[in-house]
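Below you'll find the structure, written out as C-alpha cells, and then a few comments.
Just so you know, all these numbers are worked out from the coordinates, no wet-lab data involved. The shown structure was predicted, so the numbers you read here are calculated from the model rather than taken from an experiment. FYI the Cβ positions are ideal-geometry reconstructions off the backbone, even for glycines, and counts take in every protein chain you see.
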C-alpha cells in the first residue's frame, strides 16, 4: 500500500509538470498490443485538454469540449501472456466542476509477446457505463482491432475502432486511429498519430462535421515511469483545433520475480565456483 501511494504521488507530480491534454474522449491512444506480464498490475493516467476546442456540445446538455479537462486512471492486470483485463474511472473538469463519467471495463487479447514481434495483432473489448453529461446512451461497447508492424527503427499501427451505443438513439460509429513512429533510442520514440470520427457506419457525417486530428507525439521513460506527450491539430471544423495529451504509466513489479531470479542465480553459482565445470564449459570437446 505504501509503495502504491508513492507511485500514485509520483504520477500526480509528473502530470503537473507536463501539458494537460483534450478530445471528446477520456483516452487518446493507439493500442500497440503490449500487455502486462502474467500476475502484474499496471497503472496509466490519461489527461486530455483542448486549448482551442469546439464551443458547442454534441447534444443538448452535454459537455462543451473547449477548455474541458478529460482524463482517466486506467488499471490493468495480466491474466495470461495473451490476455489482459482492465478498468477505468473516467472524469472531466469543466466550469469549476469535477464530473465522473461512470466506469469502463475491458478485455484485451493479443498475440503473445507482441513487443518482440515484427507483425503483431489483437483486439480490445471495452464496455462502458456513461453519465448523462457525457452521452445520451448509458451503455456503450468499443471494439478495437490492433494490427501493427515494426522493425528496429520504425513501427506502424492501425486501430480501426468500432463504437456501439445502446438504447434510444444508439448507433454504431467508425473511429479509426493510426500511428507511425521512429525509434531514436532505448524507449525513445517520435512520430505522428491520426484520430478520426466518421460518424455512423452506413451514414457518415459530412466531411466538415467529422473529426480528423493529427498529433505529433513522443514516448520516453523517466526512471520507471513511461511518458507519452502529444500535441494535436484539428483538420476540420468539427474537430477541436488545438489539443495536447499526456499519458503516464507505471508497471508494478511482478510478484515473486525477484525470488525466482535469486533462485536461478544461486543454482548457477556453484557452477561458476567450480573450476572443473568452468573448464568443461570452456572446452567443448570435454562435453562429448
message: Once you keep just the Cα pairs under 8 angstrom separated by 6 or more residues, what percentage relative contact order results for the stretch 111-183?
response: 26
task: Compute the separation of the alpha-carbon centres of the stretch 204-234 and the stretch 120-167 and state it in Å as a whole number.
output: 15
query: Once label points are set 7 Å from the Cα along Cα→Cβ at both residue 64 and residue 100, what is their separation, rounded to one decimal in nm?
result: 2.6
query: For the stretch 122-211, what D do you get in µm² per second when you plug the Kirkwood radius from alpha-carbon pairs into Stokes-Einstein at 25 °C and 0.890 mPa s?
result: 164
- prompt: So how long is each side of the stretch 35-182 along the principal axes, counting just the alpha-carbon atoms, biggest first, in Å?
  reply: 46, 30, 29
field: Packing-based order for 168-178, 237-247, 104-114, using average beta carbon neighbours within 10 Å, highest first
entry: 237-247, 104-114, 168-178
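Full-extension gain between residue 204 and residue 121, please, as 0.36 nm times their residue separation minus the C-alpha to C-alpha distance. If you can, show how the numbers build up before the last one.
On the way: separation 83, 0.36 × 83 = 29.88 nm, distance 2.70 nm.
Extending this stretch completely gives an extra 27.2 nm.
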message: Could you check the spin-label model distance between residue 182 and residue 149? Points 7 Å from the Cα along Cα→Cβ, value in nm.
response: 1.8
- prompt: So if R0 is 30 Å, what FRET efficiency would residue 37 and residue 166 give, r being the distance between their Cβ atoms, rounded to the nearest 0.05?
  reply: 0.30
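With a Förster radius of 41 Å, plug the Cβ-Cβ distance of residue 111 and residue 56 into 1/(1 + (r/R0)^6) and report the FRET value to the nearest 0.05. Don't skip to the end; give the middle numbers.
Working: r = 42 Å, r/R0 = 1.02.
Working from the Cβ atoms, E equals 0.45.
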